[in-house]
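Please read the structure below before turning to the comments.
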Amino acid sequence: MAIEDVDVRRFVTWKIFPVALVVGTIWYYRQKGVTFKSLKRKLAAIVIVNIMARFNKSTDVVATKKRLFSNLEEQKTNRSQKLQILEIGVGGGANFTFYPPGSQVVCLDPNPNFKSYIQQSIEESNVEMKRFIQGFAEKLETVEDDSIDSVVCSMVLCSVRDLDKTMSEVRRVLKPDGTFYFIEHVAAKQGTCLNRVQRWLNPIWYCLSGDCQINKETGKAINRAGFSQTSLNYLKLNTYVFVIRPILWGTATK
Ligand SMILES: C[S@@+](CC[C@H](N)C(=O)[O-])C[C@H]1O[C@@H](n2cnc3c(N)ncnc32)[C@H](O)[C@@H]1O
């Protein structure tokens, strides 16, 4: 074989072929409607479900959620109807096991790839899914005013862009005397070493995690939202990543 032929073969094998393979693969998946964004969302759903499964198994988290949701049943305003719950940033539906049997859950999440996980959680619990809304906490436009008995946020408010807008939407959709239940990781007390670390680390954390922020002043946003009654409690989880401490949990009544 001539030297030129060997060079051509090498060029085709090591340059043309890999490039053609990559371009061809991208073209094939684009034809099928798969984009980088949709792949990222699929991957995010898998990662979140697995990370949250670990978090939600922690003894402290289970005990806190049991306490938090213990009076959910009493929230039913109309005895003939089923308890209407809106879970914002529902993820894979890890909280359904804490809801009273027969509750109807409106599930909201920007990522539609959670649907199959939600379906599985529905089958493993005694609740019904009323509908799935693909949307954001700041814009609950398809949920009517005064229509929900209880709104739930668990490990979601760290990711919302506008806490005040979210709180105002939560109040709008809650029935009079309806209750907002939350369990969220928040910024540590101002002036503490942990608070400073959270502020330094936040830009990197935000980029790596996608949209989670470790220095959110969620308690302040809940307090200034105009709820008639609030109960804010703090839990220090010793077993989890130290920068996502403390955990704020409690209720706010419309
Ligand atoms: C850490 S996961 C928590 C999932 C679930 N609540 C749980 O406790 O297992 C955060 C969830 O919030 C959703 N999310 C992110 N930004 C949001 C926003 N602006 N509005 C509503 N949900 C959002 C994500 O898609 C994800 O499902």
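By how many degrees, between 0 and 90 and to the nearest 10, does the Cα long axis of helix 17-31 differ from the longest principal axis of the chain?
Tilt of helix 17-31: around 40 degrees.
Using 7 Å Cα-to-Cβ label points, what is the THR97/ASN71 separation (nm, one decimal)?
Here the modelled spin labels are 2.5 nm apart.
List the equivalent ellipsoid semi-axes of the chain in whole Å, largest first, each obtained as the square root of 5λ for an eigenvalue λ of the Cα gyration tensor.
Details: eigenvalues 359, 109, 53 Å².
Taking √(5λ) for each eigenvalue gives 42, 23, 16 Å, largest first.
What FRET efficiency do you get for LYS37 and LEU201 if R0 is 22 Å and r is their Cβ-Cβ distance, rounded to the nearest 0.05? Can you show the working numbers first?
Numbers: r = 26 Å, r/R0 = 1.20.
E between LYS37 and LEU201, to the nearest 0.05, is 0.25.
What is the count of Lys pairs in the range 36-192 whose alpha carbons sit under 20 Å apart, if the two are 8 or more places apart or on different chains?
18
Which length gain, in nm to one decimal place, applies between ASP177 and ILE46 when the Cα-Cα distance is subtracted from 0.36 nm times their residue separation?
Numbers: separation 131, 0.36 × 131 = 47.16 nm, distance 3.64 nm.
Contour length minus Cα-Cα distance gives 43.5 nm.
Mind checking the angle between helix 163-173 and the chain's longest principal axis? C-alpha axes, 0 to 90 degrees, to the nearest 10.
60 degrees
Evaluate E = 1/(1 + (r/R0)^6) for ASP145 and ASP211, where r is the Cβ-Cβ distance and R0 equals 25 Å; express this FRET efficiency to the nearest 0.05. Could you put the intermediate results ahead of the total?
Details: r = 28 Å, r/R0 = 1.11.
Working from the Cβ atoms, E equals 0.35.
No lab work stands behind these numbers, since they all come straight from the coordinates. Keep in mind the model is a prediction, meaning the values are calculated, not measured. Methodologically, a virtual Cβ is constructed for each residue, glycine included, from the backbone with ideal geometry; neighbour enumeration extends over all protein chains shown.
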